[in-house]
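Readers should treat all values here as calculations from the given coordinates under stated rules, not as data from a laboratory. A quick note: this is a predicted structure, and the numbers were derived from the prediction, not measured. When we count neighbours, we look across all protein chains shown, and the Cβ atoms used for this are built from the backbone with ideal geometry, even at glycine.
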Amino acid sequence: MPKNKTINSVLIIGSGPIIIGQACEFDYSGTQALRSLREDGIETILINSNPATIMTDPTMADHVYLLPLTTKSIVQVLKEHPQIDAVLPTMGGQTALNLCIQADEKGIWKDFGIKLIGVDIDAINITEDREKFRELMLKIGVGMAPQATANSYLKGKEIAQEFGFPLVIRASYTLGGEGASFVHTEDQFDELLTRGLEVSPIHEVMIDKALIGWKEYELELLRDKNDNVVIICTIENMDPMGIHTGDSITVAPAMTLSDTTYQRMRDMAIHMMRSIGDFAGGCNVQFAVSPDENEEIIAIEINPRVSRSSALASKATGYPIAKIAAKLAIGYNLDELSNQITKSTSALFEPTLDYVVVKIPRWNFDKFEGSDRTLGLQMKAVGEVMAIGRSFQEALHKATQSLEIKRNGLGADGKGYKNYDQIIEKLTFASWDRVFVIYDAIQMGIPLSRIHEITKIDMWFLKQYEELYHLEKEISKFTIDTIERDLMLEAKQKGYGDRQIAHMLKCLESQVYKKRDELKIKRVYKLVDTCAAEFKAQTPYYYSTFENEVETPDGKLESINESVVTDKKKVIVLGSGPNRIGQGIEFDYCCVHGVLAASECGYETIMINCNPETVSTDFDIADKLYFEPVFWEHIYDIIRHEKPEGVIVQLGGQTALKLAEKLDRYGIKIIGTTYKSLDLAEDRGSFSKLLQENNIPYPEFDVATTADEALAIADVLNFPILVRPSYVLGGQGMKIVINKKELEEHVVDLLRTMPDNKLLLDHYLDGAIEAEADAICDGENVYIIGIMEHIEPCGIHSGDSNATLPPFNLGEFVMQQIKDHTKKIALALNTVGLINIQFAIKDDMVYIIEANPRASRTVPFIAKAYKEPYVNYATKVMLGEKKVTDFNFNPQLEGYAIKQPVFSFNKFPNVNKKLGPEMKSTGESILFIDSLKDDEFYNLYSRRKMYLSK
Amino acid sequence: MKYNKRQKAIILLSDGTIFHGKSIGKEGTAFGEVCFNTGTTGYQEIFTDPSYFGQLMVATNAHIGNYGTLSDEVESDSIKIAGLICKNFSFNYSRPAADDSLENFFEKNNLLAISDVDTRALVSYIRDNGAMNAVISTEVDNIEGLKKQLASVPEMKGLELASKVSTTEPYYFGNENATYKIAALDIGIKKNILRNLAKRDAYIKVFPYNATFEDMSAFNPDGYFLSNGPGDPEPLVEAQAVAKEIIKRNLPLFGICLGHQVIALANGISTYKMHNGHRGINHPVKNLVTGKGEITSQNHGFAINREETEKHSDIEITHVHLNDNTVAGIKMKSKNCFSVQYHPEASPGPHDSSYLFDQFIENIKNK
């Protein structure tokens, strides 16, 4: 069946603010869906409350509604657009599906004559209602773990009696495993049962017999109207059943599945998808396989929508699932569409890989003091990294290098655990560091069988670790002068970083780099092409590896590089790596716009990033995508290969900015604001001098490197004092202390985790109002794109504050100071591009808290509120293509826009919800109000001090 | 286990290009036509598939050998490929059900394998330059000698190989009291075809490649089957003669892969050697009768001429390959005969096309 002619206008529902379990993967899928539908001339209307997304850009859809995701908003949109024919709810995660069901229950779709496409209501209901799902599976002969439903405490106790422990409790209709937990013993049961019932919107939990240690797999399916089904990707969880798949290290393709078992699983997945309804779209199916001779397969769940895993699968295979799913929803059949990578073959096929993809989640436990850091059924990761290599070992190494947790890979950095009991404990209670601890355990001599017994991780993976360990030992026998080419090449092929090899050879990283240059061990780039090179691919989506040479008949020896360098002028945009608190989707928004703007200026654009959830790593955003760790060695090799005009670092958050110093040292041009200025802004001493010279006030401060110094400074500054380390993200380690005891404790604590850090001690302006401004500067002219006033008082991290644009109660005098200071600072720092400045206002006097000459979290928000493409403008300024005065600024906003933080505290039940200088929110939404009399504003204002700590 | 330093090895193509790698253990030299398979699962089934006889197999999957080997998962009694070229070879495997490691399986079958080759570059090279003869060897210092030996290896085009893999004596498969009797001509038959037929209540007598129609009809079968197999279908004149006789009598006939090509040749449709063939488990085929797609397992280096098939008055194209529009299946309009270029028996690969065996049984019922 070709495209359905009755669908001309489609409503897409976004996923709202980022929370744990639902991150920017839905910006990626929604953006793809919008582009895919518009390609077919379909009018698109989007509703999403998250301003930091690409999808909510005015250029992405015909009509964008930045409204709360409620049925009330849906009705408003449908009233304003009676031409809407259909709603596509599968692109916005569980949030969109839930909203879709609510609207259906209220009869809204029926009232407005809206067709549901991409899924059907029954399918959503069946897959969300675990009991119905279970009945259906048993009916079609698909195995399930023993399970029962409880809608009361008493019923729950009965079930536990029957099944015995360990058990799993899952709350119905929740997200990311919220309210799900393992119960090993009777005494844990009562509390966990109660919590599960509480978080379920329908007061219902499912109790399963736990399949701890079973192998876990996920399949990504697409089905068209003609009932053709294809499997896009098979993902194996290295961490077996018992750890939420969002918290598991996952690998594609499946590493330890035989064809017979895989094909059985494939048949089951197709059977399951067909059984839940008759719709055209995508599905994610999860299975457990018994780790014994029987290889019994049990279905875990099925999600009739795109998901975090489908985003990963799209990046892992090159097959754009959301894009194709959107086409299928409007009636196309798979065989009518072409493979988006090769452009010459059919979309009805199953991608095959000649590389290995490893995903590692990124956690932020440090932000949730007192939280349970053990991984389990409830997802706790805030982001993820993906790495591509020509072997599992290489991909695993690259993934660990992408995490930005100051590790260079597995082993060989002197940071491993060396205490037997500690290692055993860390293996037993998996947390963020288990991926490293496995290596430490092998290094310590703990037998693989024991590691397997504890972790249940398949022996194949453990043997891969062991091989790495033996290789490390072998290399350590040599020095930089004696190591042979073969061994060095093998180390690089297995993903060891130069830094790790330097550690093994006891030399400098630069010596290793030089050595491999001499030995002609060159990083080469290979293509992600969906087809293992069977067909010529057109899409410039690359990853790096090291390969043995090919010798031509005339004796030329080289390793084959598929990334051909053009002679166009190019610019590299450094991405922001994995999402984490303090650095999320906002920076991906900035990177994408930076890429598009540079492209408009005639540059060939090159994107480097390692976050599979993002739009920036979509293969058709930049001219060239390098899916690589934002890790020095990888970046430097790409720069050497591509020879760009320069590198844009100010759009990718701290991740990119942090590399400025090294880029500068290696003589690589930083586009826009120079390293010197970036450093000047970060160095509190020099920055204060600059403020002084410009007659700009700032809170009294000093710098300490020891607790003694800090105590001495406290005598001068007076309490309360704000303590913060330098070069950190989202206010990490920032705290307001009120006496010497607290000060000493905090300083000691900080210096323990961040040795040699320069700690800044500010006199904290108690009761001050906080405001911030973002501006674009070309070195001569400054344009302030927005000034925001925080509803909460100074002391709560700006990322956790409700910020109103424009300010709601700052007088003319204060506003003028903000404007003057912003302009003066931007110029004094020789800013070329974006700058964000934060202010504290006390007694009508405006003090500077800090200045960051880079894209900030609030830039996308301002752009959405004022409907102006500020990152585009800023990029053109950075590139020197435009001056600030060349733009015709025309911000449009009636009333106020409020940026509201959104938290994921419900994932960490024991954590105190108090807010302070350290950021804790995971996402944000935008709220437009006509006037300050709006109830929403009143509510926020009256609650402003509720969560303030101290 | 400790660090394992391995010997160098190479693959030398007939045009003189050399890809460097390492030996997985066994020393020696092996010749064959180099081809690649893009499947991510099912290596053991592939290595034992008689259709691969005489070929040096490049496995594109990044790791080979992860789940060891299992005696139930073979497609014939021995390894049929001439040698293996892969990227990462798993010396350590993991699967509770497995009998042995792939390394030992190779050792027992005396197969030469090399790893750590830039298989992706090799596949691209074959894609651009076509399938060609090659040699894999641990004799890395004897390039000139290898070149000479390689020059004497015959081209795949025109090569009859069915006789090398066929059974020498007839044998039976399945339950002798089954409802249907099928005579199968073994020109390289995969075990899973027999399993699929037996599962559908058939008792099969398998005949050697040079059996005549009379030999086969003496079994008094309800239907005839022409198997898959290696090499060029053109030299298989005996098999073509058998096909002609079956067709002449309008007896139920089903052919797979090489068998499909033989049926085409019996109808006067020519075959040709493809540039680099189809080998993998992700090949999209459209059934033109139902309009549905199916993901298929494929393994062929020859194909039937599409133009001649279209012009043929008694042949209908029932299936096409969606990537390159080559003929993937045909049926005869006036006869009880159909065939497919791909592998409905899968093993390895998806089961989307197993309905073709049902169809064969239906054809037998309705004869």
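Annotations
- Cross-link partners of residue B:199 among lysines, defined as those whose alpha carbon lies under 23 angstrom from its own and excluding same-chain residues fewer than eight positions apart: B:181, B:190, B:191, B:365, B:367.
- Cβ-to-Cβ counts within 10 Å put A:369, A:509 in ascending order as A:369, A:509, the fewest first.
- All distinct Cα pairs of the stretch B:282-344 go into the 1/r average, and the inverse of that average, the Kirkwood radius, is 11.9 Å.
- Selection from A:291, A:346, A:272 lying farthest towards where the dipole of the stretch A:221-351 points positive, charges on Cβ: A:346
- Whole-Hz Karplus values for the stretch B:268-279 come out as x, 8, 7, 10, 9, 7, 6, 4, 9, x, 10, 9 Hz, taken residue by residue from phi with 6.51 cos²θ - 1.76 cosθ + 1.60 and θ = phi - 60°; glycine and proline positions read x.
- Three semi-axes of the equivalent ellipsoid, the stretch A:700-763, Cα gyration tensor, whole Å, largest first: 16, 12, 11
- Amide H to amide H distances under 5 Å link residue B:283 with B:296, B:298, where only residues 5 or more positions off or on other chains count and H is placed in the peptide plane.
- Dipole magnitude of the stretch A:221-351, debye to nearest 20 (Cβ charges: Lys/Arg +1, Asp/Glu -1, about Cα centre): 740
- Placing +1 on the Cβ of every Lys and Arg and -1 on the Cβ of every Asp and Glu, with no other charges, gives the stretch A:529-684 a dipole of roughly 640 debye about its Cα centre.
- Environment charge of residue A:633, counting only residues whose C-beta is closer than 12 Å and scoring Lys/Arg +1, Asp/Glu -1: +3
- 10 Å-binned pair-distance histogram of chain B (Cα, whole percent): 5, 25, 33, 23, 11, 2, 0
- Going by neighbour counts of Cβ atoms within 10 Å, the residues A:426, B:190, A:5 line up, fewest first, as A:5, A:426, B:190.
- Inter-centroid distance (Cα atoms) of the stretch A:439-457 relative to the stretch B:184-258, Å: 53
- The stretch A:767-942: C-alpha gyration tensor shape, a/c 1.5 cut-off, then a/b vs b/c: prolate
- Here's how it looks for residue B:253: its modeled amide H is under 5 Å from those of B:224, B:337, B:338, which are all 5 or more places away or on a different chain.
- Max-minus-min Cα coordinates of the stretch A:329-475 on each principal axis give 59, 42, 29 Å, with the largest extent listed first.
- For chain A, the convex hull drawn through the C-alpha positions has a volume of 171 cubic angstrom per residue.
- Each other residue within a Cβ distance under 15 Å of residue A:82 adds +1 if Lys or Arg and -1 if Asp or Glu, for a net charge of -2.
- Helix-only [θ]222 nm of the protein assembly as shown, DSSP H runs n ≥ 4, -39500 (n - 2.57) each, per residue, nearest 500: -9000 deg cm²/dmol
- Residue pairs exceeding 28 angstrom between C-alpha atoms, taken from A:735/A:899; B:205/B:244; A:456/A:658: A:456/A:658.
- Over all other residues within a Cβ to Cβ distance under 9 Å of residue A:311, the charged ones net out to 0, with Lys and Arg as +1 and Asp and Glu as -1.
- Cα gyration tensor shape for the stretch B:257-367, rounded if a/c is under 1.5, else prolate or oblate: oblate
- Taking the three principal axes of the alpha carbon atoms in the stretch A:126-235, the coordinate ranges are 50, 30, 26 Å, sorted in descending order.
- Partner lysines for residue A:3 [C-alpha distance under 22 Å; skip if fewer than 8 residues away on the same chain]: A:115, A:225, A:323, A:327, A:343, B:286, B:292
- With the charge dipole of chain A set up from +1 on Lys and Arg Cβ and -1 on Asp and Glu Cβ about the Cα centre, the Cα lying farthest toward the positive end among the listed residues A:117, A:379, A:738 is that of A:738.
- Per-residue Cβ neighbour rank within 10 angstrom, fewest leading, A:88, A:462, A:136, A:657: A:136, A:462, A:657, A:88
- Note on residue A:748 and residue B:72: the model spin-label points, each 7 Å out from Cα along the C-beta direction, lie 6.3 nm apart.
- Shape class for the stretch B:197-236, computed from the alpha carbon gyration tensor (a ≥ b ≥ c): oblate, with a/c not under 1.5 and a/b at or below b/c.
- Compared with the rule-of-thumb size 2.2 N^0.38 Å for a compact globular protein, the stretch A:221-351 has a Cα radius of gyration ratio of 1.04.
- Measuring between alpha carbons in the structure, the pairs from A:157/A:209; A:5/A:867; A:406/B:2; A:676/A:823; A:520/A:569; A:920/A:945 lying more than 23 angstrom apart are A:5/A:867; A:406/B:2; A:520/A:569.
- Once the gyration tensor of the Cα atoms in the stretch A:9-117 is diagonalised, the equivalent ellipsoid follows with semi-axes of 19, 16, 12 Å, ordered largest first.
- Here the dipole of chain A is about 700 debye; that uses its Cα centre as origin and unit charges on the Cβ of Lys and Arg (positive) and Asp and Glu (negative).
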